[in-house]
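Single-structure report; data block below.
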Amino acid sequence: MTGIPVACNGLVHIYRLEGNDVVALSGVDLDVSGGEVVGLLGPSGSGKSTLLNLFAGLLRPSAGRLTVGRYEIARMDEKELAAMRARDVGVVLQGAMRNLLPYASPLDNVRFAQRGARRLARGSADKVAIRALPEPHEVLGLVGLAEHATTPLTGLTPGQCQRLAVGVGLAGRPGLLLLDEPTSQLDHEGRDEVLQAVLDINRDLGTTVVAVTHDPDVAAMLPRTVTIRDGRVGAEGRRGEEFAVVSRDGSLTLPPDVLERVPPGSLLKVTIIEDDAVRLDRTGNDGSAA
Ligand code: ADP
Ligand code: MG
């Protein structure tokens, strides 16, 4: 199984509540290649979990285009989405225990997830062959818990519980692994072992990984980060360095510190200096130099 790519084009998501709508995503343009590891950053409420849930097929786009591998999410019915989740996408929700059966052993947690994946795949309408699933012991080995197959969950460290949650997400050997805040609530040691397990899985299996995080240390260890601001891609990072991104509609989101000095409504003169250099000069409202 190779990594599954994800592509968003003008992706919009609106939560429809009685009386008022909440625009969670207002036009996300983002491509994730198969086999990539991408961290999603951004302030609380910026739309990270919404984006992850759309990738997982747990929500449907209100507008725009979203493809996950060969699936066009907006065109799929509930049954097809469930089959996609079972076969191709591993989702690890925020908070390790939300993904685990507290009274079952690590081994049984993986077995249970595999049973669910098989049942859903069998019920799928397009009858794609059900893949042979990996041995549960092998899955535990991937997250470094081979020695703890039958250790009660109460005997595991928080980092080990989180790694088990990742293992449960991998039980169906998905091509896309989605992690919501996988290292929050962990100490540095736990955080590093979870992150290392995820990076090893990506390297060894080629699984595409999208992980929400607000930990700058985690972000610095990821090859690529995407910062969501106000429901759009606000910036991209490469190995810790931040860049502004030009959207498909030609718009540019300025970094917050620049925006403080150049408030909305400011006029900027855009000059191309060289092939790889563009200048923005602030001018007064009448077009004179500011
Ligand atoms: P993040 O994960 O970046 O904190 P979310 O995707 O959870 O952001 O939320 C984005 C916006 O959508 C927020 O304004 C939030 O209040 C709103 N939101 C999230 N989930 C729901 C929901 N189930 N119903 C209504 N509004 C929601
Ligand atoms: Mg969230």
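Observations, loosely collected:
- Residues that are part of a strand (DSSP E or B) and within 16 Å of ligand 1 (Cβ to nearest atom) were ranked within the range 61-95; the one that is surrounded by the fewest Cβ atoms within 10 Å (Cβ to Cβ) is A63.
- Residue within the range 13-25 that is more than 10 Å from ligand 1 (Cβ to nearest atom), more than 27 Å from A171 (Cα to Cα) and not acidic (D, E) present: yes
- The set of residues in the range 133-169 that are free of Cβ contacts under 8 Å to residues at least 60 places away in the same chain and among the β-branched types (V, I, T) comprises V139, V143, T150, T151, T154, T157.
- In the range 212-255, the qualifying residues are those that are farther than 23 Å from S184 by Cα, without any contact (Cβ under 8 Å) to a residue 24 or more places away in the chain and open to solvent by 60 Å² or more (accessible area, probe 1.4 Å), and the one that is nearest to ligand 2 (Cβ to nearest atom) is F243.
- The residue that is nearest to the chain's Cα centre (by Cα), counting only those in the range 144-160 that are under 9 Å from P106 (Cβ atoms) and open to solvent by less than 70 Å² (accessible area, probe 1.4 Å), is Q160.
- Out of G34, G45, one residue alone is on the phi > 0 side of the Ramachandran plot and either out of contact with any strand residue (DSSP E or B) (no Cβ under 8 Å at 6 or more places or on another chain) or of a type outside the set (A, V, I, L, M, F, W, C) (or both). It is G45.
- Residues that are at pLDDT 95 or above and touching a Cys at 6+ places or on another chain (Cβ under 8 Å) are absent from the range 32-49 altogether.
- All positions within the range 21-51 that are within 13 Å of ligand 2 (Cβ to nearest atom), open to solvent by 10 Å² or more (accessible area, probe 1.4 Å) and under 17 Å from T207 (Cα atoms): none
- Subset of the range 129-159 (residues that are among the aliphatic types (A, V, I, L, M), more than 11 Å from L170 (Cβ to Cβ) and in a helix (DSSP H, G or I)): A146, L153
To keep it simple, each residue is scored yes or no on (1) among the β-branched types (V, I, T); (2) at pLDDT 95 or above; (3) closer than 17 Å to R163 by Cα.
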residue: L58; (1), (2), (3): no, no, no
residue: L81; (1), (2), (3): no, no, no
residue: V92; (1), (2), (3): yes, yes, yes
residue: A104; (1), (2), (3): no, yes, yes
residue: R118; (1), (2), (3): no, no, no
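- Complete set of residues in the range 41-60 that are near ligand 1 (Cβ under 8 Å from one of its atoms) and not small (G, A, S): P43, K48, T50, L51, L52, N53
- Screening E193, E241, E236 for residues that are at pLDDT below 95, on the phi < 0 side of the Ramachandran plot and within 17 Å of the chain's Cα centre (by Cα) leaves exactly one candidate, E236.
- Enumeration of residues in the range 266-277 that are surrounded by 12 or more Cβ atoms within 10 Å (Cβ to Cβ) and either in the same structural domain as A244 (by TED's automatic domain parsing) or not charged (D, E, K, R) (or both): S266, L267, L268
- Among the residues examined, R119 does not qualify as within 25 Å of M221 (Cβ to Cβ) and among the charged types (D, E, K, R).
- As a summary of the residue check, L100 satisfies the conditions (1) at pLDDT below 95; (2) hydrophobic (A, V, I, L, M, F, W, C); (3) closer than 24 Å to A149 by Cα except for the one numbered (1).
The values are calculated or read from the model by the stated rules, or taken from the named source; none is laboratory data. All of these numbers come straight from a predicted model, not from anything done at the bench. Neighbour counts run over all protein chains shown; Cβ positions are idealised from the backbone, glycine included. The protein model used for the area step is the full one, side chains on, heavy atoms only, and it has no ligands, DNA or RNA in it. Shrake-Rupley method; radii C 1.70, N 1.55, O 1.52, S 1.80 Å.
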